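K.L.:
To start, I am sharing the structure in question, which I have written as structure tokens.
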Amino acid sequence: MSNDFVQLPANSNQALGIAEYAIDFMKSASPDQSVLDRTKLFHTDACLCGLSALALGTNAPTVLRDEALGYAVGESSQKIGSAQQTGATVFGSSTLVSPEKAILANSSAVREWDSNGTNFGYDPERGNTAGEFGHNDFYPVALAAAQMMGQDGAYALRGMVLSDEIRGRLAEVFSLKTYKVDHVVHGAIASAATFGAMMGATPEQIESAIGMVVAHSIPFRAIRAGKQLSDSKGASAAISTEFAITAVRRSMNGFLGPRDIFRNPEAIFRIFEGPGQMFTAVGKKPHNTEKADASPFDLHLAKSGSDFTVMGMHFKLGLYEHQSAGALQAMLDLLDKCPALLDDKNGGKINKIRIVAYEPAFGIIGDPAKRNPTTRQSADHSMVYIVSTLLRKALTLQKVGWKELMLEPADYSDSAIYDSRTRALMEKIEFAHGGEEYDSKYPDGIPTSVQIVDTDGSAYDSGLVMYPAGHARNRTADLEGILAHKFQLLGKLAFEKPEPIIERYNNIASLSADELRGINSYEINVRGTFR
């Protein structure tokens, strides 16, 4: 095992091991500059997503930001453990508030559009390919801790790398979605470890907090099922992390949570996988006592170099469910090769569209219940709506490209959702499961293909798309250029001139402690109510 990694074997106390790793990471880890740069880009991306959501008055971020501002602590300090710390800030304010409330509000905002970064839990080098989803929703944790401790931007950025590493590695070894548990659990565990390490908690206190998260706060995917989705879907990471931060603070003040939670036979990891399945009845002993005292997985956590999970995470180049990225790229590729399909601006040249994809894309965003979305939260989880909207924009603008057709908040407004041309295009789409041929290629890539049959009966095929633009293994797209366009597009919703704010977040690593404390101090131009 390379010295660049910490290995936590399945038969060890991994909760305590994560705690010790996190504390050591904040003191002495040395990720390559490429890791810091990529994390910084994901953070800026998340912030612009959050600011634009607040600017358009989306419900959950607005409600939770108002809630946070009701927990102001001012310049007074709060006792956490044996130390005294002040509060943290929410987007668009310099008011110090209780950290769990600042994190709740900011995490909800960055997640609202479902447009920030994504991971797929894939590390073939170490044989860890569980393929759990995850998103870069948790950066407000590191920012809040750094603000409270009077630390600078470099310290905050280090905490963000730490958070991504823990949740990313957990996503590689344990698939929560397989058991209908929401993916935010991995992020909540990472948040407890990161916040505790940055705040000066002991390993045992962090272990206690992780135990509380797993024992008391397990959300199921019920919030993501059904025809129309609620605020709970977008705020899931925020709500779970609010609990995680509260658990850390509680542990630092002396409360004792469950220990050694990954090996606990009644916790989710062993209930669903490994030794936990060997219990045949309540009170019965396991058949294999050696295996019984182990979690279902070994865990590897990077300390230095460039092999951090953030390097394998993916950017979304607009507003869409990440499982649709392959279809969007396939559609763009096909239209670029066959521009005549756009000749009729109403789509009259197109007779049928067939999209072939993998599980879980087919099951999640191909769900027949989502063929008739009536809310934004459901429209951005509907494959037929996402692809039809992109196509409608191409027909209208007579242009093709990620920048030219980038999906934005306006594409999920009520008028857009019920646009007659979009609805007509949706009726032309057939969505099929590609079977083992496609499933075997995920989560390495996002295997998708699109075929269009025109009104003359001619068929046009995109071919198989594996690594769409924004994917960590895509090497052809102008990623930084497309992201710069995205930042401007979203930033202009919140500010007349977004460049200074974008630059502020881009420069987080060079901010002093005072500058970091004021990083969210600006006025957001709120321009309406977007539900």
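K.L.:
Testing GLY254 on (1) assigned to a helix (DSSP H, G or I); (2) free of Cβ contacts under 8 Å to residues at least 60 places away in the same chain, one condition comes back false. Which one is that?
P.N.:
Exception for GLY254: condition (1).
K.L.:
Can you tell me which of (1) buried (at least 16 other Cβ atoms within 10 Å of the Cβ); (2) within 20 Å of ASP333 (Cα to Cα); (3) of a type in the set (D, E, K, R) is the one ARG421 doesn't meet?
P.N.:
Unmet condition: (2).
K.L.:
Let me ask another. Give me a count of the residues in region 171-184 that are in a helix (DSSP H, G or I), within 14 Å of the chain's Cα centre (by Cα) and either of a type in the set (Asp, Glu) or over 15 Å from ALA237 (Cα atoms) (or both).
P.N.:
0
K.L.:
Does SER378 satisfy being under 17 Å from SER115 (Cα atoms), among the hydroxyl-bearing types (Ser, Thr, Tyr) and not in a strand (DSSP E or B)? Break it down into steps so the answer makes sense when it comes.
P.N.:
Working: under 17 Å from SER115 (Cα atoms): yes; among the hydroxyl-bearing types (Ser, Thr, Tyr): yes; not in a strand (DSSP E or B): yes.
Spelling it out, SER378 is indeed under 17 Å from SER115 (Cα atoms), among the hydroxyl-bearing types (Ser, Thr, Tyr) and not in a strand (DSSP E or B).
K.L.:
Next question. State which residue is nearest to GLU112 (Cα to Cα) when the search covers only region 133-145 and only residues that are at pLDDT 95 or above and part of a loop (DSSP other than H, G, I, E, B).
P.N.:
ASP137
K.L.:
Taking the residues in region 424-440 that are surrounded by fewer than 17 Cβ atoms within 10 Å (Cβ to Cβ) and in a helix (DSSP H, G or I) as candidates, determine which candidate is nearest to the chain's Cα centre (by Cα). Quick ask: steps written out before the conclusion?
P.N.:
If we filter region 424-440 for residues that are surrounded by fewer than 17 Cβ atoms within 10 Å (Cβ to Cβ), which is where we start, we get 424, 427, 430, 432-433, 435-437, 439-440.
When the remaining residues are screened for being in a helix (DSSP H, G or I), the result is 424, 427, 436-437, 439.
On the way: ALA424: 32, GLU427: 30, GLU436: 27, GLU437: 27, ASP439: 22 Å.
Per the criteria, the residue is ASP439.
K.L.:
Test of understanding: among LEU157, LEU170, which residue is modelled with pLDDT of 95 or more and under 18 Å from PHE220 (Cβ atoms)?
P.N.:
LEU170
K.L.:
Can you tell me which condition PRO265 does not meet? The list is (1) farther than 30 Å from LEU395 by Cα; (2) at pLDDT 95 or above; (3) not aromatic (Phe, Trp, Tyr), and all the others hold.
P.N.:
Of everything listed in (1) farther than 30 Å from LEU395 by Cα; (2) at pLDDT 95 or above; (3) not aromatic (Phe, Trp, Tyr), PRO265 misses just condition (2).
K.L.:
Looking only at region 324-332, decide whether some residue is part of a loop (DSSP other than H, G, I, E, B) and either surrounded by 15 or more Cβ atoms within 10 Å (Cβ to Cβ) or at pLDDT 95 or above (or both).
P.N.:
Within region 324-332, not a single residue is part of a loop (DSSP other than H, G, I, E, B) and either surrounded by 15 or more Cβ atoms within 10 Å (Cβ to Cβ) or at pLDDT 95 or above (or both).
K.L.:
Restricting the search to region 197-222, which residues are farther than 23 Å from SER98 by Cα and either among the charged types (D, E, K, R) or within 16 Å of the chain's Cα centre (by Cα) (or both)?
P.N.:
Passing the criteria: GLU204, PRO219, ARG221.
K.L.:
Taking region 305-321 on its own, how many of its residues are more than 16 Å from LEU157 (Cβ to Cβ) and either among the acidic types (Asp, Glu) or touching a strand residue (DSSP E or B) at 6+ places or on another chain (Cβ under 6 Å) (or both)?
P.N.:
So the count comes out to 3.
K.L.:
Look at LYS352 and say whether it is out of contact with any strand residue (DSSP E or B) (no Cβ under 6 Å at 6 or more places or on another chain) and not in a helix (DSSP H, G or I).
P.N.:
The answer is no for LYS352.
K.L.:
Specify the residue that is modelled with the lowest pLDDT; the eligible residues are those in region 362-379 that are out of contact with any His (no Cβ under 9 Å at 6 or more places or on another chain) and of a type in the set (Gly, Ala, Ser).
P.N.:
Restricting to residues being out of contact with any His (no Cβ under 9 Å at 6 or more places or on another chain) and of a type in the set (Gly, Ala, Ser), the top hit is ALA369.
K.L.:
Going by the structure shown, is THR194 surrounded by fewer than 24 Cβ atoms within 10 Å (Cβ to Cβ), assigned by TED's automatic domain parsing to the domain that holds GLY121 and not in a loop (DSSP other than H, G, I, E, B)?
P.N.:
Details: surrounded by fewer than 24 Cβ atoms within 10 Å (Cβ to Cβ): no; assigned by TED's automatic domain parsing to the domain that holds GLY121: yes; not in a loop (DSSP other than H, G, I, E, B): yes.
No.
K.L.:
While we're looking at this one, here's another question. If GLN228 passes every condition in (1) surrounded by fewer than 19 Cβ atoms within 10 Å (Cβ to Cβ); (2) at pLDDT 95 or above but one, which one does it miss?
P.N.:
In the conditions (1) surrounded by fewer than 19 Cβ atoms within 10 Å (Cβ to Cβ); (2) at pLDDT 95 or above, GLN228 misses (2) alone.
K.L.:
Which residues, taken from region 146-170, are in contact with a strand residue (DSSP E or B) (Cβ under 8 Å, 6 or more places away or on another chain), part of a helix (DSSP H, G or I) and among the hydrophobic types (A, V, I, L, M, F, W, C)?
P.N.:
MET148, VAL161, ILE166, LEU170 - these are the residues of region 146-170 that are in contact with a strand residue (DSSP E or B) (Cβ under 8 Å, 6 or more places away or on another chain), part of a helix (DSSP H, G or I) and among the hydrophobic types (A, V, I, L, M, F, W, C).
K.L.:
Conditions first: (1) in contact with an Asp or Glu (Cβ under 8 Å, 6 or more places away or on another chain); (2) surrounded by fewer than 20 Cβ atoms within 10 Å (Cβ to Cβ); (3) under 30 Å from SER232 (Cα atoms). LEU397 passes all but one, so which condition is the exception?
P.N.:
(3)
K.L.:
Of all residues in region 72-109, count the ones that are aromatic (Phe, Trp, Tyr) and modelled with pLDDT under 95.
P.N.:
0
K.L.:
Checking the structure you have, find out if any residue of region 192-204 is of a type in the set (Val, Ile, Thr), touching an Asp or Glu at 6+ places or on another chain (Cβ under 9 Å) and over 16 Å from PHE269 (Cβ atoms).
P.N.:
No, region 192-204 has no match at all.
The values are calculated or read from the model by the stated rules, or taken from the named source; none is laboratory data. These figures come from a predicted structure and were not determined experimentally. Cβ: placed from backbone, ideal geometry, glycine included. Neighbour counts: every protein chain shown.
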